[in-house]
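Before any comments, here is the structure.
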């Protein structure tokens with residue numbers, strides 16, 4: 001499923017990004033297929049051993065695929081047993097993109113991950129994305145459930161920063 005900035009753009013407002021974040025439910029048997037799919041000189045694909053190690057992480061690992069001609073990057077987050085990844089995969093939503101169906105993470109998941117990224121990086125772009133999403137989604141977001149998850153995950157301070165005047 002698509003998440004990160006691209007999902008925030010879908011739910012919020014346009015902005016530039018040079019990558020796409022994907023949460024994939026992968027197992028060891030998927031390593032060979034990924035390696036074959038991205039084996040051409042057009043892509044950087046990590047060695048099979050690296051992908052296998054990341055896929056083997058219980059809470060899910062991370063690796064990149066890069067289109068070399070454009071430097072466009074896909075950040076692949078392996079779902080593993082991470083409860084938030086699992087919750088979001090069960091609630092992902094289909095959207096139409098150029099007559100294709102693409103699965104996108106639920107907005108509550110995107111907000112939670114953006115709060116974590118803000119906590120870890122301090123980058124205000126995550127707060128801007130969240131503000132835009134909340135503004136555009138209005139009542140189409142489960143605010144009560146989101147706040148409960150924010151408290152459970154210890155992201156209250158980051159959530160409070162969303163409401164502060166950005167000026």
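Here residue 104 meets each of (1) in contact with a helix residue (DSSP H, G or I) (Cβ under 7 Å, 6 or more places away or on another chain); (2) free of Cβ contacts under 8 Å to residues at least 60 places away in the same chain; (3) within 28 Å of residue 14 (Cα to Cα) with one exception, condition (2). Every condition in (1) within 18 Å of the chain's Cα centre (by Cα); (2) closer than 21 Å to residue 86 by Cβ holds for residue 29 except the one numbered (1). Scanning region 36-53 for residues that are under 23 Å from the mean Cα position of the chain (by Cα) and more than 21 Å from residue 71 (Cβ to Cβ) gives 48, 52, 53. Selection of helices (runs of 4 or more DSSP H) fully inside region 97-167 by the criterion of at least 3 residues being within 22 Å of residue 86 (Cβ to Cβ) returns 107-121, 143-152.
The residues listed here are 115, 155, 65; of these, the one that is free of Cβ contacts under 8 Å to residues at least 40 places away in the same chain and surrounded by 17 or more Cβ atoms within 10 Å (Cβ to Cβ) is 65.
Can residue 71 be described as exposed (fewer than 11 other Cβ atoms within 10 Å of the Cβ) and in contact (Cβ under 8 Å) with a residue 12 or more places away in the chain? Taking the combined requirement at face value, the residue satisfies it.
All of 58, 107 fail the test of being at pLDDT below 95 and under 30 Å from residue 143 (Cα atoms), apart from 58.
Look through 102, 78 and report the one residue that is under 18 Å from residue 3 (Cα atoms) and either more than 13 Å from the chain's Cα centre (by Cα) or surrounded by fewer than 19 Cβ atoms within 10 Å (Cβ to Cβ) (or both).
It is 102.
The values are calculated or read from the model by the stated rules, or taken from the named source; none is laboratory data. Everything numeric in this text was worked out from a predicted model, so none of it was measured. Quick reminder, even Gly has a Cβ in these numbers, built from the backbone with ideal geometry, and neighbours come from all protein chains shown.
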